[in-house]
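This report refers to the structure that appears directly beneath it.
The values are calculated or read from the model by the stated rules, or taken from the named source; none is laboratory data. Note that this is a predicted model, so its numbers are computed, not measured. Here Cβ is always computed from backbone atoms with ideal geometry, including for glycine, and neighbour counts include all displayed protein chains. Just the protein is used for accessible areas: all its heavy atoms, side chains included, with ligands, DNA and RNA removed. Shrake-Rupley method; radii C 1.70, N 1.55, O 1.52, S 1.80 Å.
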Amino acid sequence: MSILTSTTMKLIIAIIRENQLDQVREALIDAGITRITVSHVSGHGRSKTEEIYRGQVVIPNLVPNIRLEIAVNAEFVDTTCNAIISATKANDGGLIGSGKIFITPLEEVIRLRTGERGPDAI
Amino acid sequence: MNCYNQPNLPVMKITTRFFLLLAFLVLPASSLIAGEATPVIDSGATAWMLTSAALVLLMIPGLAMFYGGLVRTKNVLGTMMHSFAAMGIMTVLWVACGYSMAFGPSVLGGWFGWSDDYFFLGGIDDKVMPAGIPEYVFSMFQAKFAIITPALIAGAFAERVSFKSYCIFIALWGVLIYNPLCHWVWASDGFLFNLGAKGAIDFAGGTVVHISAGVSGLVAAIYLGARKSFPHLPMRPNNLVMTMIGAGLLWVGWFGFNAGSSISSGLSTAQALTATQVAAAAGALTWIIIEGLHQGKATAVGFVSGILAGLVAITPAAGVVKPVGALALGALATVICYLAIILKNRLGYDDTLDAFGIHGVGGIVGAIFLVFFIRDSWMAEAATVAGSWTVWQQLGVQALAVGIAIAYAGIGTWIILVVLNKIVPLRANAEAEMRGLDNYYHGERGYGMTNPS
């Protein structure tokens with residue numbers, strides 16, 4: 001069972017711009033993906049966001065971003081990724097720093113309330 | 001600050017003494033020549049009016065914090081800047097033409113006032129008003145009202161207005177809407193000041209400040225349209241702690257706003273101060289009681305909304321009602337504001353921070369219902385002036401003043417918006433709204449700028 005499970009469940013981790021969060025969430029909800037975890041993170045990307053501090057242009061060393069974690073069954077991976085890609089593309093015209101999506105296999109999922117495991121618990 | 005001033009102190013004392021001496025020498029002579037006494041400075045009244053001017057200014061950072069805490073993280077600075085920008089723009093305009101338009105003698109059939117003496121406050125350098133305060137103090141006290149009124153409007157269209165366009169809007173609004181209204185209601189030759197037996201009662205700005213700002217906010221909110229994703233995505237306040245501090249500053253500052261509006265330091269000041277305190281408390285308590293019964297929980301935002309509803313309602317009434325009246329007005333304003341916000345949610349327009357729901361509605365409630373709580377001595381004075389005077393006659397005067405304020409502010413704001421929108425679009429573009437006002441218009445962020453976390 002555990003082998004079967006790990007191939008059918010995926011964890012999608014998307015790093016997006018802070019300001020894309022609302023659009024991405026709306027797109028995901030429209031696509032039927034309603035279970036997501038969102039965290040505020042910061043890191044180094046290729047983009048250099050400029051801010052102004054007392055008249056001086058400064059480039060913060062860490063750029064704030066949003067990290068989405070979405071656990072899905074394999075057949076929903078494309079739907080989810082497409083929703084994220086189209087939502088971000090529609091709004092920033094392909095600028096550097098739009099972010100990335102990572103997809104990894106997911107070993108096991110347990111729903112705390114019922115103790116269910118595997119694809120049904122997603 | 002003190003250290004810097006100390007070396008100058010003896011000099012200042014000497015010059016002050018010199019001027020006092022001069023004043024004593026000149027006063028009898030000039031009064032003989034002119035046939036009337038030049039007002040002497042009442043240091044008590046002056047001291048309180050100086051304090052009041054500072055207290056009312058304190059309300060504007062208070063409002064910035066109150067509004068700033070209620071918006072989303074990406075708009076916190078942009079929203080606070082709406083209040084701060086008003087401090088800059090309205091002060092400059094007030095000195096240039098605002099004071100003259102508001103308190104100069106009527107021109108253009110009483111639309112507003114004008115006096116060349118007030119142009120850049122050039123002619124009031126050594127003027128003392130009959131109330132015993134230097135005219136500078138009165139002018140600066142009134143300037144703070146001209147600042148806070150357009151800043152209140154910003155709550156209605158928060159999170160979606162272009163900064164440049166907002167700045168031009170409040171400048172036009174201040175000149176074309178606020179100054180004439182202020183003239184009508186508070187200038188000695190304003191037509192609402194002279195309506196009925198003793199004028200329309202607007203002690204500290206129920207119609208001039210709150211109704212005009214609330215109605216204009218409603219018009220602007222409808223004109224600009226709702227924020228993107230409103231109302232289906234929840235838009236949570238970014239920092240309610242800041243909102244609570246802001247509400248606290250507003251309550252404290254309101255003593256300057258209301259008690260200062262007595263333009264004296266005496267009995268009427270004490271009456272206004274008491275009414276202000278009582279109404280704010282009654283409004284806040286009523287809000288959390290209603291909310292507790294209706295929603296099961298007393299929220300912090302509810303408590304501070306109640307404070308504001310009570311304070312707004314007592315603003316026109318502070319000079320004429322006793323504590324029981326203040327209690328009733330505060331509680332009544334909260335009930336009606338609470339209902340107005342429920343109605344707003346049903347109607348679905350996006351008055352983001354309830355500028356109309358609290359200031360417009362609370363101001364109308366205060367200005368209308370105050371007639372039932374006017375103290376007897378006021379009614380007696382009105383009866384002496386007019387022969388006889390009833391509550392219902394005063395109600396007519398109040399309703400007329402409120403109606404005129406609503407119509408003038410509403411229609412005037414609409415015209416300003418339509419014209420301005422053709423030149424500088426008011427609505428923030430989609431990119432600005434998405435990235436947030438802070439980053440798009442100011443290039444900054446409110447929290448964790450150098451090391452985001």
### Query
Of the peptides B:406-419, B:55-68, B:98-111, how do they stack up when ordered by the mean number of other Cβ atoms within 10 Å, highest first?
B:55-68, B:98-111, B:406-419
### Query
Which lysines have a Cα less than 30 Å from the Cα of B:LYS322, not counting those fewer than 8 places away in the same chain?
B:LYS144, B:LYS198
### Task
Would you work out the charge dipole size for chain B about its Cα centre, treating the Cβ of every Lys and Arg as +1 and the Cβ of every Asp and Glu as -1, and quote it to the nearest 20 debye?
1120 debye
### Query
Which of the listed residues, B:ALA272, B:PHE255, B:VAL161, is farthest toward the dipole's positive end in the protein assembly as shown, when Lys, Arg count +1 and Asp, Glu count -1 at the beta-carbon?
B:VAL161
### Query
Can you give me the Cα centroid spacing of the stretch B:77-131 and the stretch B:302-365 in angstrom?
28 Å
### Query
Beyond 20 Å, what percent of the Cα pairs of the stretch B:89-245 remain?
56 percent
### Query
Can you give the accessible area buried between chains B and A, summed over both chains, with a 1.4 Å probe, in Å² to the nearest 100?
1500 Å²
### Query
Helix B:267-295: angle to the longest alpha-carbon principal axis of chain B, degrees 0 to 90, nearest 10?
10 degrees
### Task
Work out the length of the dipole vector of the protein assembly as shown about its Cα centre, built from +1 on the beta-carbon of each Lys and Arg and -1 on the beta-carbon of each Asp and Glu, and round it to the nearest 20 debye.
840 debye
### Summary
Interchain or sequence-distant (5+) residues whose placed amide H lies within less than 5 Å of the amide H of B:ILE133 are B:ASP42
### Message
How long are the semi-axes of the equivalent ellipsoid of the stretch B:346-453, defined as square roots of 5 times the Cα gyration tensor eigenvalues? Whole Å, largest first.
### Response
46, 19, 12
### Estimated Rh, the protein assembly as shown: Kirkwood, alpha-carbon pairs, angstrom
26.6 Å
### Cα-based helix-to-principal-axis angle, B:323-347 vs chain B, degrees rounded to 10
30 degrees
### Task
Could you work out the Rg to Rh ratio of chain B, with Rh taken as the Kirkwood radius (inverse of the mean 1/r over all Cα pairs)?
0.99
### Dipole magnitude of the stretch A:2-121, debye to nearest 20 (Cβ charges: Lys/Arg +1, Asp/Glu -1, about Cα centre)
300 debye
### Message
What is the angle, in °, between the Cα long axis of helix B:376-386 and the longest principal axis of the Cα atoms in chain B? Nearest 10 is fine, range 0 to 90.
### Response
70 degrees
### Message
Check which residues have an amide H placed less than 5 Å from A:ASN65's amide H, if you skip close sequence neighbours.
### Response
A:VAL41, A:SER42, A:GLY43
### Summary
Per-residue average of other protein chain Cβ atoms inside 10 Å, peptide A:16-24 -> 4
### Query
When you take every Cα atom in the stretch B:222-308, what is the radius of gyration, and what is Dmax, the widest Cα pair distance, in Å?
17.0, 53
